[in-house]
Amino acid sequence: MLYSDKVMDHFTNPRNLGKMDDADGVGEVGNATCGDIMKMYIKVDGDVITDVKFNTFGCGSAIATSSMATEMIKGKTLEEAMELSNKAVVEALDGLPKNKVHCSVLAEEAVLAAIKDYYDKNNIEYDTEVFKKLEEPHEH
C-alpha cells in the first residue's frame, strides 16, 4: 500500500516538531520491537493544552502520526485529549498500512503519558484506569 497524501505531508512537513524546555508535561513512549521512540511535550493553561511539541525517532509513519496527534490535541482540554484514539489519528491521515498502525498507538500513548506526567507533577488526582494501557506490553 502506498501512503496517503496526508501521511506524506505530515512526514515531510511535520507540525509542532521540536523540544519544549518549559513543558508542563512530558511523555515518552517507545516500542522495542520496531525501535520507534516518541516524546511529547504539552503546555497546559487551566485544563487546556495551549501548545504541544514532539520529537520522534522512528519511521515516516511514526513521525506522521505524532504530527497529526499534536494537531488534534492542540487547543483541547486534557479530558478531550485523553479520548484521542489511534483510530482517529489513522482516519485523520486517511489510513495507514496495516503494519504501521502500531505507530498510531504510540502517538495515542505519548499524549496519555504527557498528560499523566502533568497530573503527577501537579498532584492532580486522576482515574488510573485511563492510563492502564501505558503499562501494557506492546504487540506488533
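So the values come out like this:
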| item | result |
| --- | --- |
| Check on D21, over 27 Å from E125 (Cβ atoms), at pLDDT 95 or above, of a type outside the set (G, A, S) and over 13 Å from the mean Cα position of the chain (by Cα) | yes |
| Filtered residue count, the range 96-108, keeping only those that are charged (D, E, K, R) and surrounded by 11 or more Cβ atoms within 10 Å (Cβ to Cβ) | 2 |
| A114 vs. criteria of a type in the set (G, A, S) and out of contact with any His (no Cβ under 9 Å at 6 or more places or on another chain) | yes |
| Any chance A81 is within 26 Å of E125 (Cβ to Cβ) and aliphatic (A, V, I, L, M) | yes |
| Residues that are closer than 19 Å to K87 by Cβ and charged (D, E, K, R), drawn from the range 40-71 | E71 |
| Single residue of the range 34-49 satisfying the filter (under 14 Å from T77 (Cβ atoms) and not acidic (D, E)) that is modelled with the lowest pLDDT | G46 |
| Flag for E91 being acidic (D, E) and under 15 Å from S4 (Cβ atoms) | yes |
| Looking only at the range 109-140, and only at residues there that are at pLDDT 95 or above and among the basic types (K, R), the one that is surrounded by the fewest Cβ atoms within 10 Å (Cβ to Cβ) | K121 |
| Check on T128, free of Cβ contacts under 8 Å to residues at least 24 places away in the same chain and either β-branched (V, I, T) or touching a Pro at 6+ places or on another chain (Cβ under 8 Å) (or both) | yes |
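The values are calculated or read from the model by the stated rules, or taken from the named source; none is laboratory data. Only a predicted model underlies this, so the values are computations on that prediction, with no experimental measurement involved. Note that we place each Cβ from the backbone using ideal geometry, even for glycine, and neighbour counts take in every protein chain shown.
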